[in-house]
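Student: Here it is, the structure in full.
Every number in this text was worked out from the coordinates using simple rules, so none of it is lab data. Just so it is clear, the model here is predicted, and its values are computed rather than measured. Quick reminder, even Gly has a Cβ in these numbers, built from the backbone with ideal geometry, and neighbours come from all protein chains shown.
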Amino acid sequence: MKKALGGLEKFNKIIPISLSIVLSILLVRMQSLTYQELGSPECRVKKWDIPISLTGRNQKAPLTQRLPVTCCQGDKSCFDELLYGEIPDKKALMNAIAQSLQYLQTANAAAAYQNYQVAGITRDRVFKSLKRFRELLLKTNSATELHQAIEREFVLYQSVGKDTKGSVLFTAYYEPLYAASRVPTAEYRYPIYRLPPDLNSWSKPHPDREELEGADGLQGAKGKLRGLELFWFRDRLEPYLAQIQGSARLQLPDGTQTTIGYAGNIAYNYKSIGRELVNDGKLPLEGITMPIILDYFQKHPQELNTYIPRDRSFVFFQENYGKPAQGSINVPLTAERSIATDKSLMPPGALALIRASIPFTNFTGKMEERIVSRYVLDQDAGGAIKGAGRVDYFLGTGKIAGDRAGVTVSNGQLFYLLLKSKN
């Protein structure tokens, strides 16, 4: 779905924000909004780290096999309680599972798993594991009962993380809503572009962002992008942020809506303009947040023409006519149940368990963080999501999802669930 399903990633309605770039912007962990006590350090951390006995094994493998974590008594964060709350919500997870099962039966999945680098993880085993988990999800009546069944029947493959001890940086992304037009007007001047039909024949190195669209984002019709305009936006930053997100929902002047999704990109890596602001001394590293970054560009809009061209990467789009945002494995993403990882390392479409501090909006409308465990499906990728130590968590569409994505930055753990039997 996304190029970086991560970046300075979004203004709030007027400029919504996603957060994969926050990794690049924030080199230090933002303070928690609210810290949830979980009891002893053993319950909070140690049980979830890769056991010391396993850390000396194949350091090059992105995943290491271990037994499921036995939950500490009273530690509700150990369970995915969203599935069995006062209003049980299994529907979203069941939908995400169905999408992955569909993907795993495709030729693309067969190719992806052909030479997968972790021994024992095969497409057939991932498929059977998903089907069995779905059966358990339907049969069990509590989070504890489900967890106990998983302990009996599954093993975990834990990401070695960024430190070989299992520490994974979590950010979040979402599908923004922008005002846009199918035709250029005095109000709607900044275009996004469809995939050039001859992109494969372009000589390398490719022309970069500034060469394609100019420093001001208005020169595309003078070069290779002429005639490829897809939609026009009102703000210089919005088409750039749509590229970082890789998808968007568009509100058209006649009141109708449509959606756009990732179609391709040129051969340059993403570069965070938020980090560039820090490097130039325009913003302090300590305490930097999304509102601070957004406020800076609202006060200094002319600097967008300086900083956006520093990101040489460029993304092309296709119109999806209202279809939900799609992940890199070409299935719709499910809010709170889809993640993006580095697909050169992690098993596409597989069932995973994430554990991290995630912000939620409480009954007063304020944001608070809770350490949670969630069963998710690995269905997306992102240009800024590289290595075993990165996960981007999809939070859905709209302002609340964007507000939450904008403050999601935490260290946690990532596990994949596979049946004990490999047959």
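Student: May I ask you to say which residue of Glu145, Glu153 is among the acidic types (Asp, Glu), closer than 30 Å to Asp75 by Cα, out of contact with any Ser or Thr (no Cβ under 7 Å at 6 or more places or on another chain) and free of Cβ contacts under 8 Å to residues at least 24 places away in the same chain?
Tutor: Being among the acidic types (Asp, Glu), closer than 30 Å to Asp75 by Cα, out of contact with any Ser or Thr (no Cβ under 7 Å at 6 or more places or on another chain) and free of Cβ contacts under 8 Å to residues at least 24 places away in the same chain holds for just one of Glu145, Glu153, which is Glu145.
Student: Determine, yes or no, whether Trp202 is farther than 30 Å from Gly402 by Cβ, touching a residue at least 12 places away in the same chain (Cβ under 8 Å) and not charged (D, E, K, R).
Tutor: Yes.
Student: When you scan the stretch 225-249, how many residues do you find that are aliphatic (A, V, I, L, M), in a strand (DSSP E or B) and either free of Cβ contacts under 8 Å to residues at least 24 places away in the same chain or in contact with a helix residue (DSSP H, G or I) (Cβ under 9 Å, 6 or more places away or on another chain) (or both)?
Tutor: Number satisfying all stated conditions: 1.
Student: Within the stretch 390-403, restricting attention to residues that are buried (at least 24 other Cβ atoms within 10 Å of the Cβ) and not charged (D, E, K, R), which residue is farthest from Leu345 (Cα to Cα)?
Tutor: Selected residue: Gly402.
Student: Is it true that Glu211 is more than 24 Å from Gly402 (Cβ to Cβ), out of contact with any Cys (no Cβ under 6 Å at 6 or more places or on another chain), among the acidic types (Asp, Glu) and surrounded by 14 or more Cβ atoms within 10 Å (Cβ to Cβ)? Don't jump to the end; show me each part of the working.
Tutor: On the way: more than 24 Å from Gly402 (Cβ to Cβ): yes; out of contact with any Cys (no Cβ under 6 Å at 6 or more places or on another chain): yes; among the acidic types (Asp, Glu): yes; surrounded by 14 or more Cβ atoms within 10 Å (Cβ to Cβ): yes.
So Glu211 passes the test.
Student: Let me ask something else. Return the total of residues in the stretch 176-222 being closer than 17 Å to Val315 by Cβ and of a type in the set (Gly, Ala, Ser).
Tutor: Number of matching residues: 4.
Student: Which of the residues spanning the stretch 281-335 are of a type in the set (S, T, N, Q) and not in a loop (DSSP other than H, G, I, E, B)?
Tutor: Passing the criteria: Gln298, Gln302, Asn305, Thr306, Gln318, Gln326.
Student: Hey, another quick one. Regarding the stretch 404-411, can at least one residue be identified that is in a strand (DSSP E or B), in contact with a helix residue (DSSP H, G or I) (Cβ under 9 Å, 6 or more places away or on another chain) and either without any contact (Cβ under 8 Å) to a residue 24 or more places away in the chain or not hydroxyl-bearing (Ser, Thr, Tyr) (or both)? Give the derivation first.
Tutor: Residues of the stretch 404-411 in a strand (DSSP E or B): 410-411.
Cutting the leftovers down to in contact with a helix residue (DSSP H, G or I) (Cβ under 9 Å, 6 or more places away or on another chain) gives us none.
No, every residue in the stretch 404-411 fails to be in a strand (DSSP E or B), in contact with a helix residue (DSSP H, G or I) (Cβ under 9 Å, 6 or more places away or on another chain) and either without any contact (Cβ under 8 Å) to a residue 24 or more places away in the chain or not hydroxyl-bearing (Ser, Thr, Tyr) (or both).
Student: Another question about this same structure. Among the residues of the stretch 253-265 satisfying the criterion of being closer than 21 Å to Gly217 by Cα and not hydroxyl-bearing (Ser, Thr, Tyr), which is surrounded by the most Cβ atoms within 10 Å (Cβ to Cβ)?
Tutor: Among them, the one singled out is Ile260.
Student: Select, from Ser344, Ser272, the only residue that is more than 19 Å from Thr397 (Cα to Cα), of a type in the set (Ser, Thr, Tyr), under 18 Å from the mean Cα position of the chain (by Cα) and buried (at least 24 other Cβ atoms within 10 Å of the Cβ).
Tutor: Selected residue: Ser272, the only one of Ser344, Ser272 that is more than 19 Å from Thr397 (Cα to Cα), of a type in the set (Ser, Thr, Tyr), under 18 Å from the mean Cα position of the chain (by Cα) and buried (at least 24 other Cβ atoms within 10 Å of the Cβ).
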